[in-house]
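Coordinate-derived values only; no laboratory data. Just so you know, these numbers come straight off a predicted model, no measurement behind them. FYI the Cβ positions are ideal-geometry reconstructions off the backbone, even for glycines, and counts take in every protein chain you see.
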Amino acid sequence: MTIRLASPLVRFSTFGLLAVVLPAAILAVLGYVSLRQWETSAELLFREQARDLASMTTEKVEMLLSRTEDEILSRIEALLRRPDFAPATLAEVAATAPLIGRLYLVDRGGRVFFPAALAGEEAGVISKLLVEISQAFWERGGRRHVVVGDQVILAAVLKTGRGPLLVALSRNPEVFRREILEKTLRAVEGPTIIAVLDDQDRAVYARAPLEGAERIATAPFGAALPSWRVALYHPHGMSPRAAIRRQATVFTIAFGLLLVVIVAGLVATYRLVRRETEMARLKADFVANVSHDLKTPLSLIRMFGETLEMGRVTDEAALHEYYRVITRESERLSRLIDNVLDFSRIEGGARTYDIAPTAVEPLIRETLEAFGYVLAKEGFKVEVTVPPDLPKVPMDAGAVGQVLANLVDNAIKFSAERKWLGVEAEIQAGHLTLTVADKGIGIPLAELEKIFQKFYRVGRSETQGRRGSGVGLALVRHVAEAHGGRVTVESRPGEGSRFTLWLPLCRES
Ligand code: ADP
């Protein structure tokens, strides 16, 4: 029976390619495309959010500023309404509202009521301011921010019993920074840096150092802070692009790992399938070999038995030869059946060992006697080396006898022209070693480990013509290990093989 090895493996490889590699490739492309899209949309979204945050911040600053300015103006208005109003009382307002840099009270004719005296450049400021105030403004009243030189002045025309009066307020930049900007901006959360830039693009206020930071959005202030802007920055290395690049790296690594796991899984499954297919082939061969091995000795026994029964053979020597053949073939049959039965016991975990101190020399002698006829017939030169003072060694005599028989049987089977069998017993490193050597066909180096696997037989062509089931050495190794020992092999193709069974002298429990 033959099982085609290639087809399931080829099928498996095709399946692996279609079921795993193809989806993985599609996933990789999709992953890459969606990552690019995500990068673009995340950047857009981020910039939009940053712009919203910036304009929200300007509104907040402006709100606080106009609230503070409103409060100051209402206080001044309340003073002006008093019948006993004296311009000097404005000094108190100027002193208690720190945001005020300068405070002026002027009438339509340009008369300055407050302060009592003007410093040099102040007169110029007031006249420039008066140029900015239109007739309509004087009539209507109200308030607006006016830029005079490098300062922003809040100008308010208030109606009083004495006609419209112009209140002008300049800002104390330091107090503005501390009380308005800092108070508003401190509360804004987030990793981005918020800064306020003046009309010269200088950072008047920044929540963190701006070195290396990337500006992502700005929003202008209204008339209260003309040409001033709120700007948002990313700290160095924290831009959304960098974050997305990090995510892309994580994604790529995770995807790579996933691919590695998938490929490892495929390789493992491939190996499993290969091993299973190989095992199926070996099992099929095993059945064929055992059936053949059972049939050959049986037909020999039958043939010789029938010849004897007919009583035609009278020659004493021929008779003897016939009896021997029958004995030898039935021994071979029992060995084969013992091997198969023991093997199935081992597989089922039911093999037990009866270990007792055993003399080594008789065991070797009896085993070789069983092969005596074959050895002599095939012209084997047999060398046995057993030291006379060998102690008794704990072992299951039956099992070790079977091991020796298997090794001797193999040595005979796998010998070609040079028919030589060596059996040695020795004490080495706390072990009894039993060595069976031949000068036969030998075993290639790559096969040395495999021959102990169940059903395994080297290079089918060379062993094909020789009897065997492929379980003999599996049994040898099992027996060795059950005794706490091991089996080793040295072999060279064309030169011969040396199998050594190592049995410990003391039993480890
Ligand atoms: P088999 O029933 O085939 O002998 P074994 O398990 O006893 O099964 O041996 C497995 C294989 O190891 C054999 O088929 C043979 O290829 C190889 N082998 C075992 N002993 C020898 C030896 N003394 N010389 C060469 N090859 C051997």
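Taking other C-beta atoms within 10 angstrom as a stand-in for reagent exposure, Glu329, Glu174 fall in the order Glu174, Glu329, fewest first.
Only helices enter the 222 nm calculation for the chain: every DSSP H run of n ≥ 4 contributes -39,500 (n - 2.57), and dividing by all residues gives -17500 deg cm²/dmol, rounded to 500. For the chain, the longest principal axis of the Cα atoms and the long axis of helix 397-413 meet at an angle of about 80 degrees.
Once the Cα-Cα distance is subtracted from the 0.36 nm per residue extended length, the Glu316 to Ala208 segment shows a gain of 27.1 nm. Relative to the longest principal Cα axis of the chain, at what angle does helix 360-377 sit, 0 to 90 degrees, rounded to 10? Around 70 degrees separate the two axes.
Proximity of backbone amide H atoms, modeled 1.01 Å from N, is registered between Val152 and Arg171 at under 5 Å, excluding neighbours fewer than 5 places apart on the same chain. For the range 307-317, 3J(HN,Hα) computed residue by residue from phi via the Karplus equation (6.51, -1.76, 1.60; θ = phi - 60°) reads 4, 5, 4, 5, x, 7, 8, 10, 4, 4, 5 Hz, glycine and proline entered as x.
Since only Tyr32, Ala359, Thr385 are under comparison, the one whose Cα sits farthest along the positive direction of the charge dipole of the chain, derived from C-beta charges on Lys, Arg, Asp and Glu, is Tyr32. Note on Ser41 and Asp70: the model spin-label points, each 7 Å out from Cα along the C-beta direction, lie 4.2 nm apart. Cross-link pairs exceeding 26 Å between alpha carbons, from the set Lys128/Lys159; Lys381/Lys454; Lys295/Lys454; Lys392/Lys439: Lys381/Lys454; Lys392/Lys439. Selection among Gly190, Val436, Gly494 by position relative to the dipole of the chain gives Gly190 as farthest towards the positive end (Cβ unit charges, Cα centre).
Computed from backbone phi with θ = phi - 60° and the Karplus coefficients 6.51, -1.76 and 1.60, the 3J(HN,Hα) list for the range 184-194 is 6, 7, 4, 7, 7, 8, x, x, 6, 9, 9 Hz; x is used for glycine and proline. Taking a ≥ b ≥ c as the square roots of the eigenvalues of the Cα gyration tensor, the range 333-437 is oblate, since a/c reaches 1.5 or more and a/b is not larger than b/c. In a fully extended conformation the segment linking Ala88 and Ala288 would gain 59.4 nm over its present Cα-Cα distance, using 0.36 nm per residue.
Axis of helix 472-482 versus longest Cα principal axis of the chain: the two differ by about 70°, to the nearest ten degrees.
Does the range 93-170 classify as rounded, prolate or oblate by the C-alpha gyration tensor (a ≥ b ≥ c root eigenvalues; a/c under 1.5 gives rounded; else a/b over b/c gives prolate, otherwise oblate)? Rounded shape, in that the Cα axes give a/c under 1.5. In terms of its C-alpha gyration tensor, the range 317-369 has an oblate overall shape, because the principal axis ratio a/c (a ≥ b ≥ c, square roots of the eigenvalues) is not below 1.5 and a/b does not outweigh b/c. Each Lys and Arg Cβ is given +1 and each Asp and Glu Cβ -1; about its Cα centre, the chain then shows a dipole of about 1480 debye. The residues Asp315, Asp198, Asp285, when put in order of fewest to most other Cβ atoms within 10 Å, stand as Asp315, Asp198, Asp285. Note on the range 34-171: with charges restricted to the Cβ of Lys and Arg (+1) and Asp and Glu (-1), its dipole about the Cα centre is near 420 debye. When the Cα positions of Leu65, Val21, Ser41 are compared along the charge dipole of the range 1-128, Val21 comes out farthest toward the positive end, with charges on each C-beta of Lys, Arg, Asp and Glu.
Couplings 3J(HN,Hα) of the range 98-111, computed from phi: x, 5, 6, x, 10, 10, 10, 10, 9, 9, 4, x, x, 7 Hz, in residue order, whole Hz [Karplus 6.51 cos²θ - 1.76 cosθ + 1.60, θ = phi - 60°; x for Gly and Pro].
Summing Cβ point charges (Lys, Arg +1; Asp, Glu -1) relative to the Cα centre of the range 347-444 gives a dipole of roughly 280 debye.
Sorting Glu316, Glu43 by the number of Cβ atoms found within 10 Å of their own Cβ, with the fewest placed first, yields Glu316, Glu43. Compute the FRET efficiency between Gln247 and Val273 as 1/(1 + (r/R0)^6), taking r as their Cβ-Cβ distance and R0 = 30 Å, and round to the nearest 0.05. Once the sixth-power term is evaluated, E becomes 0.20.
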